[in-house]
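I have placed the structure first, in the form of structure tokens, so that the comments after it can refer back to it.
The values are calculated or read from the model by the stated rules, or taken from the named source; none is laboratory data. Everything quoted here is computed from the prediction, not taken from an experiment. Glycine gets a Cβ as well: all are built from the backbone with ideal geometry, and neighbour counts include every protein chain shown. Each accessible area value is taken on the protein alone, full model and side chains, heavy atoms only, with ligands, DNA and RNA left out. Shrake-Rupley method; radii C 1.70, N 1.55, O 1.52, S 1.80 Å.
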Protein chains: 2
Amino acid sequence: MSYLGVGVSPGNVPVYHSPNVKLLDRGVRVAELVLRCVICGLGVLAAVLVGTDTQVKEILTIQKKARFTDMKALVFLVIANGIAAAYSLMQILRCAVSMVRGNVLFSKPLAWAIFSGDQVIAYVTLAAVAAAAQSAVFAKLGQQEVQWMKICNMYGKFCNQVGGGIASAVLVSLSMVVLSCMSAFSLFRLYGGNKGKSSARW
Amino acid sequence: MSYLGVGVSPGNVPVYHSPNVKLLDRGVRVAELVLRCVICGLGVLAAVLVGTDTQVKEILTIQKKARFTDMKALVFLVIANGIAAAYSLMQILRCAVSMVRGNVLFSKPLAWAIFSGDQVIAYVTLAAVAAAAQSAVFAKLGQQEVQWMKICNMYGKFCNQVGGGIASAVLVSLSMVVLSCMSAFSLFRLYGGNKGKSSARW
């Protein structure tokens, strides 16, 4: 078992550490597990809020239904957050297995895979949020110069629910950004070979 | 002077390395310098292509002028790429100073600043590209469900030039993603203390 019993890789590879580094490790591991849980929960919330959002509006005798599939950016947001949630769940399960089995030593390729996965999810969720936010701005404010009209004054409830989904997705992408820095730290420290030198020179 | 005479920090802090690690270091430094030059050039190109783009269209007797300021996403793209180019130029100049002065030892806070700067620029340029690409899709294809009409069949030359700018900006953001991984490597390896252990255990 690792110090805390939270076997979050790649940080759970036993290395020689000073008490300060042990404390840093412990903080990184707890923060990593908490962030993965937050991302899983908020990713599901964002996908459900946007994916289940509909509103029917009657204009004269014609019924019009607003759905998230009307805008590709919202479809991208639902897919990206769904993937982020599933990926985080997978990582949480891996941590649970590691807790049950004790402190498993992971291979460098696995550490690289986790780092790469975190990077890809961070950039994809951020891109999805940016595209969805841009669409939301058009929907909320319109774009007078090109005669794109506001649609949120017609579909107020729909827009509010999408807004909630985008807010959750923003938190997911920010958490992924922090997490990708942590997995970079956990991976690249393995390539360090300057023990006892850095503190003297820097 | 560093091995190659390209004093790109934070990787130019002298540490004990095997020949393989020296080779890796050399590759990372050259790639870093090349990428910073690419980002500087393409960032300027993207900002100029989008920022100078205009087209006047006469509809009946009314003259309408398309400008990048008509869409906030394009303004964001110009600013983000301008900042990325200026930041890269600053980093290239720092490398030049380091080449002239020889192998300067940088402080850990500076290495952290470079890592943070690279991360911020990578995420900002990617968000700008995603938002601009979403606007470009609306402009090119329209959004029939909400009656937002295509505008690129009216402003073809304007859209093509913006397309070129977005293509350059995509390359800038991808280069920044790779660069931010490199600066993470250069920074976090300084926190490693497992020399000679990892290869045996992993």
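Here are the numbers for this structure:
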quantity: Enumeration of residues in region A:112-123 that are more than 10 Å from chain B (Cβ to nearest Cβ), in contact (Cβ under 8 Å) with a residue 12 or more places away in the chain and not aromatic (Phe, Trp, Tyr); calculated: A:114, A:117, A:118, A:121
quantity: Test result for residue B:187, more than 7 Å from chain A (Cβ to nearest Cβ), open to solvent by less than 20 Å² (accessible area, probe 1.4 Å) and at pLDDT below 95; calculated: yes
quantity: Test: residue in region B:137-153 that is facing chain A (nearest Cβ under 8 Å), more than 29 Å from residue A:186 (Cα to Cα), small (Gly, Ala, Ser) and part of a helix (DSSP H, G or I); calculated: yes
quantity: Test: residue A:46 is crowded, with 17+ Cβ neighbours inside 10 Å and either at pLDDT 90 or above or in contact with a strand residue (DSSP E or B) (Cβ under 7 Å, 6 or more places away or on another chain) (or both); calculated: yes
quantity: Number of positions in region A:144-155 that are without any contact (Cβ under 8 Å) to a residue 60 or more places away in the chain, surrounded by fewer than 20 Cβ atoms within 10 Å (Cβ to Cβ) and not charged (D, E, K, R); calculated: 5
quantity: Residue identified as open to solvent by 10 Å² or more (accessible area, probe 1.4 Å), modelled with pLDDT of 90 or more and touching a Cys at 6+ places or on another chain (Cβ under 9 Å) among B:126, B:141; calculated: B:141
quantity: Of all residues in region A:54-77 being among the charged types (D, E, K, R) and within 14 Å of chain B (Cβ to nearest Cβ), the one that is least open to solvent (accessible area, probe 1.4 Å); calculated: A:70
quantity: Evaluation of residue A:29 against (1) modelled with pLDDT of 95 or more; (2) crowded, with 21+ Cβ neighbours inside 10 Å (one fails), failing number; calculated: (1)
quantity: Single condition residue A:200 does not satisfy, out of (1) open to solvent by less than 40 Å² (accessible area, probe 1.4 Å); (2) at pLDDT below 85; calculated: (1)
quantity: Residue within region B:164-178 that is assigned to a helix (DSSP H, G or I), surrounded by 20 or more Cβ atoms within 10 Å (Cβ to Cβ) and at pLDDT below 95 present; calculated: no
